[in-house]
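Participant: The structure that follows is given in the form of structure tokens.
The values are calculated or read from the model by the stated rules, or taken from the named source; none is laboratory data. Owing to the predicted nature of the structure, the values given are computational and were not obtained by experimental measurement. Backbone-built Cβ (ideal geometry, glycine too); neighbour counts: all protein chains shown.
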Amino acid sequence: MAKGTLEVGGTAEGGKMASLEVEQAAAGGVAGALKVDNDDTDKQAIVVEAANIDADVMDITMDAVTTAKGIDITADALTTGSALYIDSDSSSTGTRNLVEVINNNTAATGATALKVQQDSSGDAAVFEGGRVRVTKGGSAFQTSLHHSLVMGG
């Protein structure tokens, strides 16, 4: 086991500590300040149960990252599973986005908000249900539920 410091801080609330912080110094650290090593192949390694209503469940701040990846997922043994799976079964009719990608700086002209690379001959993207709408400055290109559109192919 690597040597380091584990600090439990915060104020006690109902006999429980308010927060747990794992901090690694700027020098002399190990690869990964926190490592979860789960060898039980049919059990989840990390489970987060949150009753949050008004606060984010998870907040990742990495404003100093320049050339590294913020989140790097490798799943080289996938067969029928998914590397990322998002499922919402909310019956609310409120307007919302299940996935939102924002390049929030108009000067970042070299940034691509979403890139999908498909190295096989399979589909690069599939949209099922509803319609697809592409807008730029108010004018929209739309496809309806009853039509399909193949680009470049």
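Participant: Please go through region 43-73 and pick out each residue that is under 13 Å from the mean Cα position of the chain (by Cα) and either over 27 Å from S19 (Cα atoms) or among the β-branched types (V, I, T) (or both).
Facilitator: V57, I60, T61, I71, I73, listed by residue number.
Participant: Looking for something modelled with pLDDT of 95 or more, over 30 Å from V132 (Cα atoms) and hydrophobic (A, V, I, L, M, F, W, C) - is there at least one such residue anywhere in region 72-80?
Facilitator: Among the residues of region 72-80, at least one is modelled with pLDDT of 95 or more, over 30 Å from V132 (Cα atoms) and hydrophobic (A, V, I, L, M, F, W, C), which makes the answer yes.
Participant: Is it fair to say N103 is assigned to a loop (DSSP other than H, G, I, E, B), surrounded by 10 or more Cβ atoms within 10 Å (Cβ to Cβ) and without any contact (Cβ under 8 Å) to a residue 24 or more places away in the chain?
Facilitator: Against the criterion (assigned to a loop (DSSP other than H, G, I, E, B), surrounded by 10 or more Cβ atoms within 10 Å (Cβ to Cβ) and without any contact (Cβ under 8 Å) to a residue 24 or more places away in the chain), N103 qualifies.
Participant: With outside any loop (DSSP other than H, G, I, E, B) and among the hydrophobic types (A, V, I, L, M, F, W, C) as the only criterion, which of V134, V57 stands out?
Facilitator: That would be V134, the only listed residue that is outside any loop (DSSP other than H, G, I, E, B) and among the hydrophobic types (A, V, I, L, M, F, W, C).
Participant: Go through region 15-33 and report how many residues are part of a loop (DSSP other than H, G, I, E, B) and surrounded by 10 or more Cβ atoms within 10 Å (Cβ to Cβ).
Facilitator: 6
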